[in-house]
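Here's the structure we're looking at; comments come further down.
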There are 4 protein chains.
Amino acid sequence: MHPARGFASDNSATIHPEVLAAIARVNVGHVKGYGHDDWTRGVQELFAEHFGADARAYLVWGGTAANVLSLRAACRPWEAAICAQTAHLNVDECGAPEALAGVKLLIAHTEDGKLTAERVESLIERVGDEHAVQPRLVSVSQCTELGTIYTPREVRAIADVARRQQMILHMDGARLSNAAAALGLPLRSVSGDLGVDILSFGGTKNGLLGAEAVVILDPELADGFDYLRKQSLQLASKMRFLAAQFQALLADELWRRCAENANAMAARLEKAVSHLPGLAITRPVQTNAVFATLPRAAIAALQDRFSFYVWDERIGEVRWMCSWDTTDEDVDEFADAIEQELRRS
Amino acid sequence: MHPARGFASDNSATIHPEVLAAIARVNVGHVKGYGHDDWTRGVQELFAEHFGADARAYLVWGGTAANVLSLRAACRPWEAAICAQTAHLNVDECGAPEALAGVKLLIAHTEDGKLTAERVESLIERVGDEHAVQPRLVSVSQCTELGTIYTPREVRAIADVARRQQMILHMDGARLSNAAAALGLPLRSVSGDLGVDILSFGGTKNGLLGAEAVVILDPELADGFDYLRKQSLQLASKMRFLAAQFQALLADELWRRCAENANAMAARLEKAVSHLPGLAITRPVQTNAVFATLPRAAIAALQDRFSFYVWDERIGEVRWMCSWDTTDEDVDEFADAIEQELRRS
Amino acid sequence: MHPARGFASDNSATIHPEVLAAIARVNVGHVKGYGHDDWTRGVQELFAEHFGADARAYLVWGGTAANVLSLRAACRPWEAAICAQTAHLNVDECGAPEALAGVKLLIAHTEDGKLTAERVESLIERVGDEHAVQPRLVSVSQCTELGTIYTPREVRAIADVARRQQMILHMDGARLSNAAAALGLPLRSVSGDLGVDILSFGGTKNGLLGAEAVVILDPELADGFDYLRKQSLQLASKMRFLAAQFQALLADELWRRCAENANAMAARLEKAVSHLPGLAITRPVQTNAVFATLPRAAIAALQDRFSFYVWDERIGEVRWMCSWDTTDEDVDEFADAIEQELRRS
Amino acid sequence: MHPARGFASDNSATIHPEVLAAIARVNVGHVKGYGHDDWTRGVQELFAEHFGADARAYLVWGGTAANVLSLRAACRPWEAAICAQTAHLNVDECGAPEALAGVKLLIAHTEDGKLTAERVESLIERVGDEHAVQPRLVSVSQCTELGTIYTPREVRAIADVARRQQMILHMDGARLSNAAAALGLPLRSVSGDLGVDILSFGGTKNGLLGAEAVVILDPELADGFDYLRKQSLQLASKMRFLAAQFQALLADELWRRCAENANAMAARLEKAVSHLPGLAITRPVQTNAVFATLPRAAIAALQDRFSFYVWDERIGEVRWMCSWDTTDEDVDEFADAIEQELRRS
C-alpha cells in the first residue's frame, strides 16, 4: 500500500516521472565528474533561456545551501544581510547563515512575510561605523514562507534601494516557480529583470529528486564561486544527474505545469473550505499554501488521517501545502473531511 | 552515441540499475520529509546489520560533507585532526575542514598514503599547552587515495593509540567497500570492529546516484549530530531517495558485487600491462586503482582516446580507476591500446 | 593644555593613578609570560574574595572579547544566545558573536534594555527541532546599555528560567561595578549569588588602562577555556600588567570608589538639569548615564564645547556618561552650559 | 625581592621606562575612544616616517591577532597561506588561523625557519582547481622563530614570486626590530621596500607593555580593515595608551636601542659559551636568541637557577633569549653558571 498524499509539504511529494526519466536517460557511459560533462553544460543554455544570457547557474543539492552560498558570495566577514523575520534564512536553517557564512542577519518584522523598500531602508544604518555590521545584502523570499507573493513593482522598489545603497539583492526562490506561475510571468520577469543579483532557484519542492540552483545574475558575484561551492560541501561528483533534473524541469515548461497544479489545488482547497463555519483563512492564498485557523479538536482529528503541520500553536493555525502531484480527488477528500470535522466540533 | 567508459574515476560511472530501480520503487505517495519516513527508518536496520547494532547512520549528499561532519562532531574549536598528507581531507576539500569545521590538520608525510601507529603517536605533542591545538581525531582513509589498504591489524594498532590518548578514530571510507571486498571481510570487520568511532561510508563511487553516510559507532558522537547535519547543509528534504539508494546498496550484497568488479578490473588491467616495457606499476594494486609511469608521448596519445588523470606530472605517473561498471572488454581494449602506444614510443 | 573632561563615554577617561602605580610596581625583573607568574596567581585570590571561592578569572584585553569568549565557552555550533535588542553583543560588536563564535542571537525587544523571565521563556522554542538553533545561553547586561539596572530579584528570576531549561546565564558586566555600587551590594551579590554562570567583568570603563575578565562561576565552563582564550586572540604575553590592574581595582575597594563617583556625578547632573524647561530625562538615572532629550540647536551648541553622543537622532536624545574621574566642577560647568543653551533656544 | 632576569623569553621582560613614562604622559583629560584621538593620529606620522608615506598602522593588542588579522585582510575563504613549518602561525596560535580566519596553511619544511623563493613556488600548485585551496599569501617571519634572519635579497626574491603570482607577502615581524638592528637597516628597508604588503610589527617583545601593529603597505588591503579589527576583538577603547607605547618606541630610535641591546647580549652569551666542551651552538646567532645543546644534567641544574626553555627534548637543545633589559652582568653570571655545570657533568 502506498503512503497517501497529504498536505504537509511540497517536499513530501514524489519525483515527477519526466524527471526520473531524464535521470535514467543520462545514465549511460562515463563522463567527467563535478559538472565537466556535456549534460551539465547543456543545462546552462536552458538557464540562459529562462533567466537571461548572463545568468550562470551553479547546481547544488539543497535549498539551505543555495541560500548560504548566496550569502558567502556576497558578504565579507563584517557585512550583514537584511531579511524578514519569517525568512527561511532566519528560522529554518539551524544557524547556518551565522555559523557557516559568518553573516549576521538584520531582521525586519513583518505581518505578511514581505519586506518593503521602506522597511529595508530603515535597517540600513550606522554605515561606516566600525562597531556595527554593514548591510550588504537584502534577501526576499518569492513566494514567502506564508505563501504570499511580491508584485514585480514591489521587488523593483526593493531592488532600487539595494542599488542605491550598493547592496546585493538576493531572492530565495525555493518556490519561485509557484510565484511565477501565479503571476503568469516568465521566470526572468520575476527575478533578474527586476534587479535580482543572485537567486536560490528551487527544484526539489517542484518535482525534482533533490536539486537546487544558485543562479548568479550579477557576474561579479561569480568570482570564486566554484571554490565556494566545493568548500560549502555542495559540489556533486555525479553532476550529470543534477543537470538531468533541471533539464527536465526547464524544458517543456515542466516547472510551470507543476507549479500551476500546486497553486490550483490550493485555490481549490481554499474555495472548498473558506466558507465553512469555524474555519478562517488567515493569509491570502496566492500560491500553493493555505493557512487557516480551526478548532483544535478538528485539527487533531484531521491529523489522524491526513498529514499537515500546525503553524502557530497559540492560535490554532494550520498550514496546508499542495504539491505538483496533488489531485482534485486529494483536495476534495480532504475538504470533505474538514467539513465533517468542523460540523462535529 | 553514449560516452564511452574510461578510467578517470569511479565517480565518472553510472548509477547501478538496481539503485535506480530502488529510487523508482519508493517514488509513490507522500511521506514526511527530512528522514522521518519508513524507508529511512528501514535502512537503519540494514546499517545495523552491516556495522553493528549500535551503529547510527546519517545519510548525506557528499563525501566531503561526511568528512567535515565527522570533524565537527568530534572536535571542539581548539582540537585538531591527524591525517596523511595525501588524505582527501587535506588536499581535495578546498579547505572545508579549516573553513567550515575550524579544524587544523596535523599532517603526516607518508609514502603509501597510510598512517602508522608510530607516526600518529609522534604527532601527538604539546598536550596541555594552550598555545598549540590539541590532537583529538585521527583520520585514516580505507582504502587510501593511492589505492592501498590497511590490514585490520594496522587499523587496530592506530585505534589503540587513539583509545590510549582519548582520541577519536575516523575512517574516510569513500571506498570502504573496495577495501572490504579486497580483504574478503564484512564491512564491520574493517571498521567498527577495529575500533573506528565514526565513519564516512561512501556510496557514490560504488554505484549510487549521490549519497554517502556518516556512520556513528561511538554513540557519544551522535549528540547533536542532527543539528550539525542540518546546519552543514546536508539534510535532504526528500530523504527517502537517499535511503532507497542505500537500501539497494546494502541489500543483496550489491556493495560487494560492485566493489569486487571494480577491484577485479584493476587487477586485470595490471596483469595485462605490468610486463610491458616502458611501463612501471608504481603502487601495489590492492583495490580498484592502477598507478603507473609510462612515456609522456604514450600518455598523451592514450588520453586522446581514453579518459584518465595524470597523477604526478613530474614523473609521468598516471592513475587508472576501474568502476563497478567497467567490463572485461573495456579493460582489454584499453590494455591493447596501451601496448600499442608503448610499442610506438 | 590637557583635553578637557567630557561626557562621551567612561572609556574616554584616564587610568586611575592607583592602577598606573600598580603597573609600575610590578615592572621589575623577569617573570614567565602568559599568566604563569605570581602576580597573576595572586589576583585570582582577589577574584575569589569578590566572586566566591569557585570563581576562576581569565584576564583578557577587551569587553567584546570577554563576551565572545563567554559565548564560545557555552555554545556548541547549533546553539543560540538570547539577549536584548540593545545588548552590546547585538549592536556594538561588528558581528563578532556570529562571525567568530558562530552563534546566532535570538533577540528580545525591550523598552528599557532589560530582559524579563517571561520574555526569555517566550524565546525558548522549537527545542529538539533540528531546523532551528537551540537556545543555550541568556545574556543580561548589568547595568544595561541604557544605564538601567536589574534588581537582584529580576536576575534571579531569569536565572531560574535558565536553570530549568538547562541554559547558561551570562552577564555582560562591562559596568557591573556601577550596578553593584548603585545597589550597595558586593560584586558576588549581583552576579554568582544570583545564578550567573559566566560573567564579563569590566575594568576599562572603571579606571583601568585596558583589561577585562571572564569570570567563570560554573566550573564546567572552564573546560578548555585556556585554549579558547589563546585562540580568540586574548592571551596577553605580559600578563602581569593586566593582573596588576585588577589587583589595584579589587583591592581597597577601588572598583567601588570609582563606580560610586561616576554614579554620583550622573545623579548630580540629573538633579541639576532635570527641571530645566525644554529638557526631559528619558530613562531612569540609576548608574552613570543620563539620557535626555533637548532641542537640536542646544545639542549642537553644547557639542561645540563638550564631547558627548547623540543616542537617537530621530528624537533628539543624547547620552551623557560620567566617569570615575568626573568632578563636581565638571558637572556644574556642564549643567550651567546646558541651562544657558536651553534658555537661548 | 625582585624576580631575577632570565633567558626564557623577551616577553618575560619589563616595560621600558620611556614607554611607561609615555603612557603616564597621555594620562590626562578625556579623549575620544577607539583611536579617534590626537595621540593615535600622531603616531601614524611616526609609522609613515619609519615605513613610508603610504603605510597605515592599525594598533592591536597581540601578535597572534596581528597575524590573524593579516590573513583575514588578504584571504577569501578558499585562499591559503604559505608559511614555514616553524612559523608562529603554524605552531603557536592554537589554530586561530584556521578557526578564526578559516585559512588553510600550506607548510614548507625548512631547516632554518626560512622560506626560499623556490620552496614557495613549489607550493603554488593546482591553481584554478576548485578542489584545492588557492595560495594567496606568503608569510615570512623576520627574524624567524629560530633567531635567524632573511637577507634583504632573500625577502626580495620571495616578494618577486608573490608579485608574479598575484599573491600577498606578509611579514611576521614580532621581532622585526631585532632583525633590522642586526642588519643595520631602517625598518622600511627590511619590510615595505622589499615588497612586503602587510606586516605584523611587534612591540611587546621589545619593551612595550602590550601593543603590536598591523602595518598595511599595500593600500588595497586596508579596505574594511577597521571592521575586521573590531570584529577580531582587537579594537582598544582607550587607544591612546597603545599609541603612547608606539610613540615611545618609534621616537628617538628606542626600537633600535632595545633591539641592539638584546642582540648584543645574545652575541655576548654565544661568545662566552660557544667554546665550552660539551656545549654546541646549534643555530647561527644572528639576533637575540642562542640555541645550544648541552648535557641534560647541566640543563636541569641550570633551570633550577635560571629560567629558559628546552626547545627540543629529543636532542637536549635549549633556547636562551636575551631582552632589551638583559645586562652584561646577567649574561656573565649565566655564562659562568653554564661553565660550572658543564665542568661538573
Exercise for the section: May I ask you to report, in nm to one decimal and beginning with the shortest, the distances from residue D:38 to the same position in the other copies, taking label points 7 Å along Cα-to-Cβ? Expected result: 4.3, 7.6, 8.2
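Cα-Cα over 24 Å: which of B:32/B:230; A:32/B:104; A:32/B:114; A:104/D:230; C:205/C:238; C:271/D:238?
Cα-Cα > 24 Å for A:32/B:104; A:32/B:114; C:271/D:238; rest within.
Specify whether the C-alpha gyration tensor of the stretch C:102-225 places it in the rounded, prolate or oblate class, a ≥ b ≥ c being the square roots of the eigenvalues: rounded for a/c under 1.5, otherwise prolate if a/b is larger than b/c and oblate if not.
On the way: a/c = 1.77, a/b = 1.44, b/c = 1.22.
Since a/c reaches 1.5 and a/b is larger than b/c, the shape of the stretch C:102-225 is classed as prolate.
DSSP beta bridges in the stretch D:17-252, what fraction antiparallel, as a percent rounded to 5?
Numbers: 10 of 27 bridges.
Of all bridge pairs located within the stretch D:17-252, approximately 35 percent are antiparallel.
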Practice task
Quick one: Debye curve from the alpha-carbon atoms of chain C only, equal weights, vacuum; give me log10 I(q)/I(0) at q = 0.06, 0.07, 0.10, 0.15 Å⁻¹ to two decimals.
Solution key: -0.22, -0.30, -0.60, -1.24
Practice task
Taking the Cα atoms of the stretch C:109-164, report the difference between the largest and smallest coordinate on each principal axis, in whole Å and largest first.
Solution key: 38, 20, 15
Problem - C-alpha center-to-center spacing [the stretch C:249-325, the stretch A:215-290] in angstrom - result: 54
Problem - Space enclosed by the convex hull of the alpha-carbon atoms of the stretch A:192-265, per residue, Å³ - result: 109
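When the gyration tensor of the stretch B:147-208 is built from Cα positions, what are the square roots of 5 times its three eigenvalues, in whole Å, from largest to smallest?
Numbers: eigenvalues 88, 32, 15 Å².
Equivalent-ellipsoid dimensions as semi-axes: 21, 13, 9 Å.
Tell me whether the stretch B:190-345 comes out rounded, prolate or oblate; compute the Cα gyration tensor, take square roots of the eigenvalues as a ≥ b ≥ c, and use a/c under 1.5 as the rounded threshold.
Numbers: a/c = 2.48, a/b = 2.30, b/c = 1.08.
Because a/c hits 1.5 or more and a/b exceeds b/c, the stretch B:190-345 counts as prolate.
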Practice task
Take every DSSP beta bridge with both residues inside the stretch D:171-312 and express the antiparallel ones as a percent of the total, to the nearest 5.
Solution key: 70
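Of the beta bridges DSSP finds with both residues in the protein assembly as shown, what % are antiparallel, to the nearest 5? If you can, show how the numbers build up before the last one.
Working: 80 of 148 bridges.
About 55 percent, rounded to the nearest 5.
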Practice task
Take peptide D:12-21, look around each residue's Cβ out to 10 angstrom, count Cβ atoms belonging to other protein chains, and average those counts.
Solution key: 4
Handout entry: Minimum Cβ-to-axis distance in chain D for the rotation onto chain C, with residue, whole Å
Key = D:61, 2
Exercise for the section: Work out from phi, with θ = phi - 60° and the Karplus expression 6.51 cos²θ - 1.76 cosθ + 1.60, the ³J(HN,Hα) of each residue of the stretch B:166-175, listed in order in whole Hz, and give x for Gly and Pro. Expected result: 6, 10, 9, 9, 9, 10, 7, x, 3, 10
Problem - Cα shape, the stretch D:1-53, gyration tensor, a/c 1.5 rule - result: oblate
Handout entry: Per-residue average of Cβ from other chains inside 10 Å of B:56-62
Key = 3
Fill in the blank from the handout: Mean Cβ-within-10 Å packing, highest first, puts peptides D:115-126, D:165-176, A:243-254 in the order D:165-176, A:243-254, D:115-126
Practice task
List the distances, in nm to one decimal, from the label point of residue A:344 to the label points of the same position in every other copy, shortest first, placing each label point 7 Å from Cα along the Cα-to-Cβ direction.
Solution key: 7.9, 7.9, 9.4
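May I ask for the equivalent-ellipsoid semi-axes of the stretch D:280-341, computed as the square root of five times each C-alpha gyration tensor eigenvalue and listed largest first in whole Å? If you can, show how the numbers build up before the last one.
Working: eigenvalues 62, 46, 19 Å².
Values for the stretch D:280-341, descending: 18, 15, 10 Å.
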Exercise for the section: Would you compute, from DSSP H runs of 4+ residues alone, the mean residue ellipticity of chain A at 222 nm, taking -39500 (n - 2.57) per run and dividing by the full residue count, rounded to the nearest 500? Expected result: -11500 deg cm²/dmol
Problem - Inter-copy separations for residue C:165, label at 7 Å along Cα-Cβ, nm, ascending - result: 3.0, 4.0, 5.0
Practice task
State the Kirkwood hydrodynamic radius of the protein assembly as shown in Å, one decimal place, computed from all pairs of distinct Cα atoms.
Solution key: 33.7
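Residues of A:210-219, mean number of Cβ from any other protein chain within 10 Å of their own Cβ, rounded to a whole number? Please report the intermediate quantities before stating the final value.
On the way: counts 10, 1, 0, 0, 0, 0, 0, 0, 0, 0.
That works out to 1 on average.
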Fill in the blank from the handout: Site residue A:25, offset 7 angstrom along Cα→Cβ, radius 20 Å on amide nitrogen, limited to the stretch A:223-261, gives A:238-259
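Sorted from largest to smallest, which semi-axis lengths in Å does the alpha carbon gyration tensor of the stretch A:58-169 give for its equivalent ellipsoid, taking the root of 5 times each eigenvalue? Spell out each step's value before the answer.
Working: eigenvalues 73, 71, 33 Å².
Each semi-axis is √(5λ); the values are 19, 19, 13 Å.
Where a number appears in this text, it was derived from the coordinates with a stated rule and is not lab data. From a predicted model like this one, the values you see are computed outputs, not experimental measurements. Here the Cβ is made from the backbone with ideal geometry for all residues, glycine too, and neighbour counts use every protein chain on show.
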